[in-house]
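Reviewing the structure listed below.
The values are calculated or read from the model by the stated rules, or taken from the named source; none is laboratory data. Please read these numbers as outputs of a predicted model, since none were measured by experiment. Note that we place each Cβ from the backbone using ideal geometry, even for glycine, and neighbour counts take in every protein chain shown. Calculation scope for accessible area: heavy atoms of the full protein, side chains included, ligands and nucleic acids excluded. Shrake-Rupley method; radii C 1.70, N 1.55, O 1.52, S 1.80 Å.
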Amino acid sequence: MALKLFSVMIFLVLNVSFSKAALDVHYYDRTCPNAEKIILEAVRNASMHDPKVSARILRMFFHDCFIRGCDASILLDSTPQNQAEKDGPPNISVRAFYVIDDAKAKLEQACPRTVSCADIITIAARDVVTMSGGPFWNVLKGRKDGRISRASETITLPAPTFNVSQLIQSFGKRGLGVKDLVALSGGHTLGFSHCSSFQARLRNFSSVHDIDPRMNIEFAQTLRQKCPKPNKDRNAGQFLDSTASTFDNNYFKQLLAGKGVFGSDQALFNDYRTKWIVESFARDQSSFFREFAASMVKLGNFGVIENGEVRLNCGVVN
Ligand code: HEM
């Protein structure tokens, strides 16, 4: 009897500490049946005018979820009293917030006060992947928007200089494993980086090596030309893979050839804990697509809050 009571108590404790807002694929079926269609249309329109939108939205989702969970805290504007995440150093280069605002404005017309900004980012991130040739998956919905956003917290985002232990730790803190780390890093199949994020690899890398020895030497020369020193062009940089507007497994093939742009990318091929996963994704695009979709769902569940709100305007709390 005592044992039974003890097991029930353990069950209750576990259940309480692991409970989180229940997300559901059908969350808006009755309250806003066209929600996903409206979001897709906004994303598609924006991408037609600006092909950079896809990469920007995918990165926005990652940065939102890593700080305070997927609660759209990245969309809140700074106020005189508070510098928000948007203005934190790693987020200065995150753009395309207007696409989410545009979708939100249309959703407020179709079904007022119903679809959270956090769900809009999550659905838009799936859409840009699918539109770019990547996998489709069903998005769980029902997230609420947070009321807190602090620029100082963005310092906990992983840096492009991280080694694999640091990356594993950073992802682990968000409930993501080693396979998730490698699959999600495949997000770098899309988009662009400014020189500032990788130029330390190109000159005076260490006391022994001028160039990061893990980097393909011809690739290093190309990057040096793109990022001369001193570099007067603040917009200069490099596409993260040679097919940067197509979602494919080319990013992993490039790591095998020493052509990862960031130290944190190339490190994945140079560490026994992650190398075999990089190799398997480079060999088999469909396994990358499967794992990427699964890891995006997992990332989208991180830190989802129950006591938030559905913001009326994604840039300000209600
Ligand atoms: C593993 C740790 C990661 C690090 C250290 C990292 C770092 C960076 C850096 C430094 C940039 C370039 C910023 C710039 O110079 O403009 C970048 C771009 C980008 N990142 Fe990551 N990232 C990581 C993971 C991810 C994940 C998990 C995703 C999505 C699933 C992602 C998606 C992107 C995309 C799409 C871009 C291109 C953005 C654009 O073209 O505007 N990254 N990342």
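If you take the residues of segment 151-177 that are of a type outside the set (Gly, Ala, Ser), part of a loop (DSSP other than H, G, I, E, B) and farther than 23 Å from residue 72 by Cβ, which of them is most open to solvent (accessible area, probe 1.4 Å)?
161
Could you tell me whether segment 178-186 includes any residue that is part of a loop (DSSP other than H, G, I, E, B) and either open to solvent by 10 Å² or more (accessible area, probe 1.4 Å) or not basic (Lys, Arg) (or both)?
Scanning segment 178-186 turns up no residue that is part of a loop (DSSP other than H, G, I, E, B) and either open to solvent by 10 Å² or more (accessible area, probe 1.4 Å) or not basic (Lys, Arg) (or both).
If you check residue 223 against the conditions, is it outside the structural domain of residue 84 (by TED's automatic domain parsing), under 14 Å from residue 262 (Cβ atoms) and touching a Ser or Thr at 6+ places or on another chain (Cβ under 8 Å)?
No.
Contact list please: Cβ distance under 6 Å, first residue in segment 104-125 and assigned by TED's automatic domain parsing to the domain that holds residue 142 and aliphatic (A, V, I, L, M), second residue within 16 Å of the ligand (Cβ to nearest atom) and not in a helix (DSSP H, G or I), pairs at least six apart or on different chains.
Qualifying pairs under 6 Å: 118/70; 123/139.
Find the residue count for segment 231-255, including only residues that are assigned to a helix (DSSP H, G or I), more than 19 Å from residue 133 (Cβ to Cβ) and open to solvent by 60 Å² or more (accessible area, probe 1.4 Å).
Adding up the residues that qualify gives 0.
Matching residues to (1) open to solvent by 10 Å² or more (accessible area, probe 1.4 Å); (2) part of a helix (DSSP H, G or I):
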| site | (1), (2) |
| --- | --- |
| 99 | no, yes |
| 107 | no, yes |
| 121 | no, yes |
| 126 | no, yes |
| 129 | no, yes |
| 133 | yes, no |
| 139 | no, no |
| 143 | no, no |
| 149 | no, no |
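Can you tell me which residue is nearest to residue 32 (Cα to Cα) among those in segment 79-97 that are surrounded by fewer than 16 Cβ atoms within 10 Å (Cβ to Cβ) and more than 16 Å from the ligand (Cβ to nearest atom)?
The extreme case among them is 79.
Working only within segment 98-117, note down all residues that are more than 16 Å from residue 37 (Cα to Cα) and within 16 Å of the ligand (Cβ to nearest atom).
Within segment 98-117, just 98 meets the criteria.
Can you confirm whether residue 221 is more than 30 Å from residue 69 (Cα to Cα) and surrounded by fewer than 17 Cβ atoms within 10 Å (Cβ to Cβ)?
The answer is yes for residue 221.
Just need a number here: residues in segment 292-318 that are open to solvent by 50 Å² or more (accessible area, probe 1.4 Å) and either of a type in the set (Val, Ile, Thr) or within 30 Å of residue 249 (Cβ to Cβ) (or both).
Final tally of qualifying residues: 5.
Which condition number in (1) open to solvent by less than 50 Å² (accessible area, probe 1.4 Å); (2) of a type outside the set (S, T, N, Q); (3) within 13 Å of the ligand (Cβ to nearest atom) is the one that residue 226 fails?
Failed condition: (1).
Would you check if there is a residue in segment 197-205 being outside the structural domain of residue 62 (by TED's automatic domain parsing), modelled with pLDDT of 95 or more and within 9 Å of the ligand (Cβ to nearest atom)?
Among the residues of segment 197-205, at least one is outside the structural domain of residue 62 (by TED's automatic domain parsing), modelled with pLDDT of 95 or more and within 9 Å of the ligand (Cβ to nearest atom), which makes the answer yes.
Which of the residues belonging to segment 192-206 are open to solvent by less than 10 Å² (accessible area, probe 1.4 Å), assigned to a loop (DSSP other than H, G, I, E, B) and either of a type in the set (D, E, K, R) or touching a residue at least 60 places away in the same chain (Cβ under 8 Å) (or both)?
198
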